[in-house]
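First up is the structure itself, then whatever we jot down about it.
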Amino acid sequence: MTKIKLPASVESERLILGSVLESDDLLGALTQQLTEDDFYHESHRIIFRALKSLGKTKDTIDVHIITEKLKADGQLEKIGGDEYIRELFQLSMHFHLYDDYVETVKENSVLRKLISFGQILMKECYNPKESISQFIDQKQIEFLSLTNVGFGKCGLTVQEVLDGEANDANIPIIDRFTEMQEYFKKNGKVKTDPSLIPSCYPDLDKIIEGFGNGQLILIAGNTGMGKTTFALNIIYNLAVTHNLPVGLFSLEMTSEEILFKLISKDSSVPLKQITSGMVDADEYTKVYGSIKSLEKKSLIIDETSSMTISTLRMRARRMKEMHGIKMIVIDYLQLLSGSTRSENRNVEVGQISRGLKTLAKELRIPIIALAQLSRKAKDKENKRPLLSDLRESGSLEQDADKVLFVHRPEYFDAHDKPGQAEIMVSKNRQGETGFCKLVFMGHLSSFVNYSNIEEDIKNDDNPYFPNIKEREIHSI
C-alpha cells in the first residue's frame with residue numbers, strides 16, 4: 001500500500017525561519033502565531049524551540065547566535081549543521097510574504113491534527129464508552145477545539161465587547177457607564193477612567209484625561225524646549241509620587257544624568273549645584289534625602305545608545321515580564337533605527353512608529369516617545385509648532401494616538417512670557433485638542449502646573465519665584 005503523505009509545506013516553514021533570522025522583530029509575533037507542533041519537519045521544530053529560548057535572553061538574534069545555541073544544546077548536527085542555518089538565512093529575501101507562510105503552516109498543521117483526530121474517532125466508534133449522544137457531544141467539543149488551536153479566536157463579537165472581554169478588568173461596559181453616571185450625579189464632576197494613567201498635571205489631564213493602555217503618545221518640540229525634562233517630570237509623578245513602575249529607554253542621556261535631574265526636582269536644589277557639589281548643609285540634607293527616597297522607586301532605565309526597533313521591542317517585553325512596568329518612555333524616537341535599513345528615512349521612521357504602536361497594543365500599556373521637529377520649524381515666522389513640523393511626519397502623525405508639543409516662547413524671545421511653557425495637545429484620537437500652561441524651571445529640572453503658581457503668588461507663598469509679585473503674574 002502506498003503511504004499517503006501528511007499535509008505539510010516544508011518550504012513555507014523554511015521561509016518563516018529564514019524571515020526571523022533576517023528580521024528578529026518577527027520572533028515575538030511568531031511565538032504567538034505558531035507553536036512547536038505546528039512545524040512538520042523535525043529540524044524546524046528544533047530551530048523554532050531554540051529561537052524561542054533565545055528570545056527570552058538575547059536582544060538580537062542572528063545566524064551566529066542561533067548556530068552557537070544549537071551547538072551548545074547538542075542539536076546542530078541534527079538539523080543539518082551550520083550550512084543549513086546559512087541556507088535558511090538566504091531565503092530571507094522573501095520575508096515580505098511572512099504572513100502568507102504562517103497561514104500556510106497553520107492550515108497544514110490543523111489538517112494533520114484533523115487526520116489524527118479522524119483516525120482516533122474511527123477506532124473509538126467501534127467501541128464507544130458512553131451513550132451515543134454523550135459520545136457525539138464530546139467529539140464535537142474536541143473537533144472545535146482543534147480548529148480553535150489552529151487559527152485562534154478571530155476577533156470579538158459585539159456582545160463579548162459589551163461583556164467586558166476587551167478590557168483588562170473584564171468589567172461590562174454598562175457597569176462602567178452606570179458607575180461613571182452615578183459618580184457624576186453624586187459629585188457634580190466627571191470620574192476619571194481608572195484604566196487611564198494621568199500625567200498628574202491637572203490642567204493637562206482636563207484635556208487628555210490621561211494615557212490609555214495600548215496608546216502611542218508623542219511628546220515633540222524643537223531642541224531646547226525641555227521635552228526630556230517634561231517627560232522625566234511625568235515619570236517622576238508616576239514612579240516617585242504614585243509608585244507605578246515605569247520603563248525608560250534613554251538613547252541620548254546616561255542613567256546618571258537622568259537621576260541627577262530627578263534628584264534636582266525632588267530636592268528643589270538646582271541641578272548645577274548638585275553636579276558641582278556646591279551645596280550648603282541644608283541643601284546636602286535635601287539631596288541626601290532625595291537619593292534615599294529615589295532608590296526605593298521602581299524606575300527601570302535602559303541607556304543603550306544605539307538600538308533598532310526590534311531590539312527595543314524585545315527588551316521592552318522582558319522589562320514588562322520582569323518588572324511589571326505600567327508605561328514606557330523613549331527618549332527619543334529618531335535615535336532608533338529600523339529593523340531593516342532603508343535609503344528612505346521616512347520609510348524607516350514609519351517602520352519604527354508602527355512598531356511602537358504595535359508594541360503598546362501587545363503589552364497593553366501606554367508608550368510615550370519623544371520626537372524632534374524638522375529644522376525648518378525654527379525658521380517659521382510663527383514659532384508655534386504644527387503636526388506638519390514633525391520630522392518625517394507622515395507616519396508619526398498617523399500612528400500616534402496623542403501628540404503633545406512642548407513650546408516655550410522665551411526660547412525665541414527672552415521677553416516673551418519668560419518662565420511659561422505651553423503644552424499643546426495637537427492630536428487626541430479620543431478626545432479634545434487644546435493647550436495648557438505650565439511653569440518651566442530649568443534650574444530645578446521641573447515643570448509645575450501654572451494654576452498652582454498663580455495661586456501661590458496671590459497668597460504670597462511662592463517657593464519657586466519668591467521675588468515675583470502678583471502684578472507680574474501675566475509675564476510668567
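Before moving on, here are some points about what is shown:
- Residue among Gly18, Gly28, Gly74 that is assigned to a loop (DSSP other than H, G, I, E, B) and either in the same structural domain as Ser109 (by TED's automatic domain parsing) or closer than 15 Å to Leu97 by Cα (or both): Gly74
- Flag for Gly210 being surrounded by fewer than 17 Cβ atoms within 10 Å (Cβ to Cβ) and at positive phi: no
- Yes/no for Lys297 being assigned by TED's automatic domain parsing to the domain that holds Ala421 and under 23 Å from Glu422 (Cα atoms): no
- Residue in segment 267-309 that is surrounded by the fewest Cβ atoms within 10 Å (Cβ to Cβ), counting only those that are among the acidic types (Asp, Glu) and closer than 30 Å to Leu336 by Cα: Glu295
- Scope segment 35-71; condition under 30 Å from Ser305 (Cβ atoms), outside any loop (DSSP other than H, G, I, E, B) and not hydroxyl-bearing (Ser, Thr, Tyr); matching residues: Ala50, Leu51, Lys52, Leu54, Gly55, Val63, His64, Ile65, Ile66, Glu68, Lys69
- Evaluation of Gly164 against the conditions (1) out of contact with any helix residue (DSSP H, G or I) (no Cβ under 6 Å at 6 or more places or on another chain); (2) modelled with pLDDT under 80; (3) assigned to a helix (DSSP H, G or I) shows that the sole unmet condition is (3).
- Qualifying residue in segment 79-100 (condition: assigned to a loop (DSSP other than H, G, I, E, B) and surrounded by 13 or more Cβ atoms within 10 Å (Cβ to Cβ)): yes
- Residues being in a helix (DSSP H, G or I), at pLDDT below 85 and not aliphatic (A, V, I, L, M) - total across segment 294-333: 7
- All helices (runs of 4 or more DSSP H) inside segment 183-289 with 2 or more residues being of a type in the set (Lys, Arg) and in the same structural domain as Arg384 (by TED's automatic domain parsing): 255-267
- Restricting attention to segment 100-109, the residues being in contact with an Asp or Glu (Cβ under 9 Å, 6 or more places away or on another chain) and more than 17 Å from Ala29 (Cβ to Cβ) number 1.
- Given (1) closer than 18 Å to Pro7 by Cβ; (2) in a loop (DSSP other than H, G, I, E, B), number of the condition Ile115 does not satisfy: (2)
- Condition check for Ser306: in the same structural domain as Val246 (by TED's automatic domain parsing) and more than 22 Å from Ala220 (Cα to Cα): no
The values are calculated or read from the model by the stated rules, or taken from the named source; none is laboratory data. Every value quoted in this text rests on a predicted model; they were computed, and no experiment measured them. Using ideal geometry, Cβ is built from the backbone for each residue, glycine included, and neighbour counts are taken over all protein chains shown.
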